[in-house]
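Got a structure here, written out as structure tokens. Questions coming.
The values are calculated or read from the model by the stated rules, or taken from the named source; none is laboratory data. All of these numbers come straight from a predicted model, not from anything done at the bench. Here the Cβ positions follow ideal geometry from the backbone for every residue, glycine too, while neighbour counts run over all protein chains shown.
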Amino acid sequence: MSLVLRAGLIGCGGMGREHLKILASIEGVQIAGVCDSREESARSAGQDFGVPFWTDLEAFLDEAGIDALHICSPTGMHGLQGIAAAKRGIHILSEKPLDIHLDTVDALIAECDKTGALLGCIFQRRAFPAARAVYESIADGSMGKILSCSVSVKWYRSQEYYNQDSWRGTWSLDGGALANQGIHSLDQMVWLAGPVEEVEYAHLDTVAHDIEVEDFALVVVRFANGARGTIEATTCCRPDLATRVEIYGTNGSAALDDARVIRFGIGGEDRLQGLLDHGVLTGGGADPWAISLAGHQIQIADFYQAIRDKRPPMVDGREARMSVDLLDKIYRKARPGAIRGH
């Protein structure tokens, strides 16, 4: 393996540019080129970072000579773009989620298994030590039998936000309050409490926006371990309220606002004060770009180290699949018989 890993990126919008800024700061990684179907976006990013640009993904993958592809395009494109890279043995780091459609995610994982391409997904709330301390207390049994895990994502998005791009608020490329704004919390839920076995109740509605998808969701779930929980997600809450994950078992409990631990106890003893770092608020409640990129920096650096170490990244394909599986179960419960986006 070369001492320098060559990175490429598709999707030169706001998040793509943030990835490029981080890549430019990582030793041993060279940005080799960018791609976007919108020529103006591709050209602008290429000029700003001093690299060639492409508007066709297949040509980009064949000609740029990259070791890894960052996927920062609309969500409904992630899986197929990743499969194209995996077929060439190119490692993949995708923005959240891996895709809207579970069958596409499964095809992507299978292709990576076949060719040996590494597959990672950005779920930055997992990257912070405080959140990982809560996870470890669950994994080692310290919290006892898990009884419940619930999430609340009460955010605001204007109609202007959805009108910015034609793909926003569509079933085929974006998804709604669950798939876009709520996916980080769904990931935290299944990371901490394990996979969801059944969605017992799901109510989705579009109440305040002219979009195809839900801007309001209420869900009740049963986990594989027998625990139960609720999900509330919306983009109608103005001003936005806290993004909360709460989990408790027979011997402990924890609450996280975003990636910041605000309550943590085991066996009747407070563990919060023992944390050296309580974590951060990654943001995005009302302003999509009012976010911390500290978790992105950790995950992107880990991804390239994982390539060198020949190990799975912090959040690999199968870990990232769990939130899409939950999303799929919710949509199937709320919209039986509906075909989403295919």
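Which condition does R311 not pass, out of (1) at pLDDT below 95; (2) in a loop (DSSP other than H, G, I, E, B), if it passes all the others?
(1)
Has region 86-93 got any residue that is out of contact with any His (no Cβ under 8 Å at 6 or more places or on another chain), assigned by TED's automatic domain parsing to the domain that holds L281 and without any contact (Cβ under 8 Å) to a residue 60 or more places away in the chain?
Scanning region 86-93 turns up no residue that is out of contact with any His (no Cβ under 8 Å at 6 or more places or on another chain), assigned by TED's automatic domain parsing to the domain that holds L281 and without any contact (Cβ under 8 Å) to a residue 60 or more places away in the chain.
Only one of (1) among the small types (G, A, S); (2) farther than 30 Å from F264 by Cα; (3) at pLDDT 95 or above fails for S172. Which number is that?
(3)
Looking at (1) modelled with pLDDT under 95; (2) within 14 Å of S185 (Cα to Cα); (3) buried (at least 21 other Cβ atoms within 10 Å of the Cβ); (4) of a type outside the set (F, W, Y), can you tell me which one A242 breaks?
Unmet for A242, out of (1) modelled with pLDDT under 95; (2) within 14 Å of S185 (Cα to Cα); (3) buried (at least 21 other Cβ atoms within 10 Å of the Cβ); (4) of a type outside the set (F, W, Y): (3).
While we're here: Within the bounds of region 24-37, is there any residue that is part of a helix (DSSP H, G or I) and farther than 25 Å from S323 by Cβ?
Yes, region 24-37 contains a residue that is part of a helix (DSSP H, G or I) and farther than 25 Å from S323 by Cβ.
While we're on this one: Can you tell me which residues in region 258-301 are assigned to a helix (DSSP H, G or I) and in contact (Cβ under 8 Å) with a residue 60 or more places away in the chain?
A294, G295, H296, Q297, I298, Q299, I300, A301
On to the next question. Please indicate, with yes or no, whether at least one residue in region 237-245 is assigned by TED's automatic domain parsing to the domain that holds Q164, part of a loop (DSSP other than H, G, I, E, B) and more than 22 Å from I291 (Cα to Cα).
Within region 237-245, not a single residue is assigned by TED's automatic domain parsing to the domain that holds Q164, part of a loop (DSSP other than H, G, I, E, B) and more than 22 Å from I291 (Cα to Cα).
Within region 34-49, is there a residue that is farther than 28 Å from S166 by Cα and assigned by TED's automatic domain parsing to the domain that holds A86?
The answer is no; no qualifying residue exists.
Can I ask one more? Could you check G82 against (1) part of a loop (DSSP other than H, G, I, E, B); (2) buried (at least 24 other Cβ atoms within 10 Å of the Cβ) and say which number it fails?
(1)
Please specify each residue of region 196-215 satisfying the condition of being touching a helix residue (DSSP H, G or I) at 6+ places or on another chain (Cβ under 7 Å) and surrounded by 15 or more Cβ atoms within 10 Å (Cβ to Cβ).
V196, V199, A202, L204, H209, I211, E214, D215
What residue, of L20, L98, L9, is buried (at least 18 other Cβ atoms within 10 Å of the Cβ), touching a Leu at 6+ places or on another chain (Cβ under 7 Å), at pLDDT 95 or above and assigned to a strand (DSSP E or B)?
Only one candidate passes the filter, namely L9.
Of the residues K145, K114, which is of a type in the set (K, R), more than 16 Å from L327 (Cβ to Cβ), modelled with pLDDT of 95 or more and not assigned by TED's automatic domain parsing to the domain that holds S253?
K114
Can you tell me how many residues in region 38-47 are touching a Ser or Thr at 6+ places or on another chain (Cβ under 8 Å) and not in a loop (DSSP other than H, G, I, E, B)?
Qualifying residue count for the region: 2.
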